[in-house]
Amino acid sequence: MAKKIIGNVDLSDLYLKQLPEILKDVSINGHFFCSNNNLTSLDGAPNTVGGDFYCSYNRLASLVGVPKSVSGYFDCSNNKLASLVGAPQNVSSFNCSNNKLASLVGVPKSVSGHFNCSNNYLTTLEGVPQNVESVDCSNNNLTSLKGSPTGVVNSFYCDDNKLTSLVGAPQNVDNDFNCSYNN
């Protein structure tokens with residue numbers, strides 16, 4: 001039977017190279033923080049997290065070991081990720097910015113809030129969840145917006161890419177649409 005932790009667990013800024021094994025079969029009903037460490041793996045991460053999961057600013061090359069379920073925001077930005085395989089499949093918001101991603105294979109199927117994949121090496125938006133509130137895909141190598149959601153409730157940022165047309169762009173953007181610094 002899995003152990004439960006009521007509340008948050010914060011392991012940020014501890015210079016950790018690995019997560020403590022004691023968390024591996026644990027369910028946390030709050031938030032889990034392991035940002036700003038030297039983690040190269042998420043082995044030992046909790047089984048489920050009822051709130052947000054932050055693993056940004058590490059040296060992660062993979063999301064293998066990520067909790068099976070994260071109910072809140074998932075932030076894996078500022079790592080060395082070349083793949084999103086292993087990411088939780090349903091989250092409220094998702095941030096994979098500032099990595100080495102060339103594709104969105106493995107991205108969560110359901111993201112209801114903000115989706116940020118900026119500052120990577122993406123050439124396509126195939127895989128972007130369709131029912132998101134906002135998308136930031138700026139500063140990539142996009143030549144097309146095919147794969148974009150058909151509409152976003154808030155904003156869509158595709159600035160600083162290699163776009164020559166807006167074919168594939170969302171049909172409805174209720175707030176900001178920024179496509180500056182393109183061809």
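The values are calculated or read from the model by the stated rules, or taken from the named source; none is laboratory data. These numbers were taken from a predicted model, which means no experiment stands behind them. Here the Cβ is made from the backbone with ideal geometry for all residues, glycine too, and neighbour counts use every protein chain on show. Side chains are part of the model used for accessible areas, which takes the heavy atoms of the whole protein and leaves out ligands, DNA and RNA. Shrake-Rupley method; radii C 1.70, N 1.55, O 1.52, S 1.80 Å.
A few comments on the model shown:
- For the range 170-182, the Karplus equation 6.51 cos²θ - 1.76 cosθ + 1.60, evaluated at θ = phi - 60°, returns couplings of x, 6, 10, 10, 6, 10, 8, 10, 10, 10, 5, 6, 10 Hz by residue, with Gly and Pro reported as x.
- Each Lys and Arg Cβ is given +1 and each Asp and Glu Cβ -1; about its Cα centre, the range 43-135 then shows a dipole of about 200 debye.
- Accessible solvent surface per residue of the range 51-164, calculated while the other protein chains remain in place, 1.4 angstrom probe, Å²: 38 Å²
- Here's how it looks for residue 3: its modeled amide H is under 5 Å from those of 27, which are all 5 or more places away or on a different chain.
- Net charge of the neighbourhood of residue 128, taken over other residues with C-beta under 12 Å away and scored Lys/Arg +1, Asp/Glu -1, is 0.
- Each residue of the range 117-126 was assigned a 3J(HN,Hα) from its phi angle through the Karplus curve 6.51 cos²θ - 1.76 cosθ + 1.60 (θ = phi - 60°); the sequence is 10, 5, 6, 10, 10, 5, 10, 8, 9, 4 Hz, with glycine and proline shown as x.
- Accessible-area composition of the chain, carbon plus sulfur, in percent [1.4 Å probe]: 49 percent
- Full extension of the chain between residue 12 and residue 175 gives 55.2 nm of extra length, using 0.36 nm per residue less the Cα-Cα distance.
- When the listed pairs 24/68; 80/146; 3/68 are checked against a 19 Å cut-off, the alpha-carbon distance exceeds it for 80/146.
- Summed residue charge, Cβ within 13 Å of residue 179's Cβ, Lys/Arg positive, Asp/Glu negative: -3
- Volume of the Cα convex hull of the range 51-117, divided per residue and given in Å³: 66 Å³
- Net charge of Cβ neighbours under 12 Å - reference residue 86; Lys, Arg +1; Asp, Glu -1: 0
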